Amino acid sequence: MTPESPIESTPKGSGIARKILFLIVALIVIAALILLALPMARDVGGILIYSIFGIPRQEEPRAEITLEPLTSRLITVNDTFTVAFNVKTSRPINLIAGTLHVPADVVEYDSFDSENSIINLWIRDPSRTERPDEVKFAGGIQRDGGQGGFTGEGRVVAVTVKPVKAGLGYIKVADATVLAHDGKGTEFPVGRPAIAFLVRNPGEASPDLNGDGDVGIGDVGILLFHFAGNAEGRYDLNGDGRTDIADVQLLWSYASQLH
């Protein structure tokens with residue numbers, strides 16, 4: 001009889017282990033790709049992929065636009081409200097353009113101050129458009145004889161508005177463009193912030209009960225302390241001669257709208 005040829009056998013354990021390892025790696029890659037597709041988890045997915053495969057990360061260029069109140073957010077119809085349009089960036093930029101909106105039935109534009117602006121080449125000075133609620137501006141930034149842009153934090157323009165009646169006012173960035181100083185015109189992703197302020201009629205009780213120039217939860221706590229029918233004018237916010245739940249509700253609505 002012819003002896004049977006010996007058959008080489010691969011240990012079953014090692015084959016299963018390789019399959020399990022492959023499956024784990026595949027699941028990690030799939031999960032990371034899903035995370036990359038989600039804006040809120042993009043950074044988490046990126047960390048997984050870059051860590052597993054050793055790919056160097058390239059940070060997405062970013063800039064931040066903020067609206068900074070330069071006066072109190074509680075004003076009367078005889079006052080004005082001023083806000084600064086600022087930009088912050090860790091990479092050089094050379095162009096900023098923006099569009100601002102306000103509620104035309106509550107406030108109107110009063111003046112624009114670009115004296116301390118980081119922009120030194122105005123393409124369009126801050127000015128109203130044909131719409132009474134809209135302002136546009138655009139300008140370039142040149143440093144070191146055109147060799148450098150702007151890096152850091154600085155003011156672009158200060159905008160002052162004047163109330164025309166009592167109510168909730170706001171200034172919001174309707175549109176904004178910030179370009180990198182890279183010779184490619186790369187656009188930085190930026191947000192569109194807004195800031196609210198409260199306009200009162202002269203003589204009305206101020207909702208700023210703690211005197212910090214704002215209306216918040218602390219003021220609500222102070223009003224609740226002076227609740228129980230106290231008719232003192234300072235806490236009678238709606239002017240009905242008493243301090244009750246209606247005043248608390250009014251103050252809460254102010255705080256909610258301003259924050």
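Only one of R91, R18 is part of a strand (DSSP E or B) and at pLDDT 55 or above. Can you tell me which? Full working, then the answer.
Values: R18 fails: part of a strand (DSSP E or B).
So the residue among R91, R18 that is part of a strand (DSSP E or B) and at pLDDT 55 or above is R91.
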Given (1) within 30 Å of D208 (Cβ to Cβ); (2) within 24 Å of the chain's Cα centre (by Cα), number of the condition I93 does not satisfy: (1)
Options V220, V215, V248; residue that is aliphatic (A, V, I, L, M), surrounded by 13 or more Cβ atoms within 10 Å (Cβ to Cβ), within 29 Å of V157 (Cβ to Cβ) and within 30 Å of the chain's Cα centre (by Cα): V215
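Residues are listed down the side, and each one gets a yes or a no for (1) of a type in the set (S, T, Y); (2) more than 22 Å from G149 (Cβ to Cβ):
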site	(1), (2)
T66	yes, no
T71	yes, yes
I75	no, yes
A84	no, no
R91	no, no
H101	no, yes
D105	no, yes
Some residue of the stretch 144-161 being closer than 24 Å to I75 by Cα, touching a residue at least 60 places away in the same chain (Cβ under 8 Å) and of a type outside the set (V, I, T): yes
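Residue-by-condition table, conditions (1) over 20 Å from G203 (Cβ atoms); (2) modelled with pLDDT of 85 or more:
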{"position": "L223", "(1), (2)": "no, yes"}
{"position": "F227", "(1), (2)": "yes, no"}
{"position": "G233", "(1), (2)": "no, no"}
{"position": "G239", "(1), (2)": "no, no"}
{"position": "Q249", "(1), (2)": "yes, yes"}
{"position": "Y254", "(1), (2)": "no, yes"}
Some residue of the stretch 103-118 being more than 27 Å from V199 (Cα to Cα), of a type in the set (A, V, I, L, M, F, W, C) and in the same structural domain as V173 (by TED's automatic domain parsing): yes
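Could you count how many residues in the stretch 167-210 are part of a loop (DSSP other than H, G, I, E, B) and within 22 Å of L67 (Cα to Cα)? It would help to see each step written out before you state the result.
The initial filter retains those residues of the stretch 167-210 that are part of a loop (DSSP other than H, G, I, E, B), namely 181-186, 189-193, 201-210.
Checking the rest, the ones that are also within 22 Å of L67 (Cα to Cα) come to 189-193, 208.
Total meeting the criteria: 6.
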Residue that is farthest from T243 (Cα to Cα) [pool: residues in the stretch 171-225 that are among the acidic types (D, E) and free of Cβ contacts under 8 Å to residues at least 24 places away in the same chain]: E187
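For the stretch 125-166, name all the residues that are of a type in the set (G, A, S) and part of a strand (DSSP E or B). Write out each step before concluding.
From the stretch 125-166, those of a type in the set (G, A, S) are 127, 138-140, 145-146, 148-149, 152, 154, 158, 166; that's our starting set.
Scanning the stretch 125-166 gives S127, A138, G139, G140, G148, G152, G154, A158.
The values are calculated or read from the model by the stated rules, or taken from the named source; none is laboratory data. Worth saying up front: this structure is predicted, and the values here are computed from it rather than measured. Ideal geometry is used to build each Cβ from the backbone, glycine not excepted, and the neighbour counts take in all protein chains shown.
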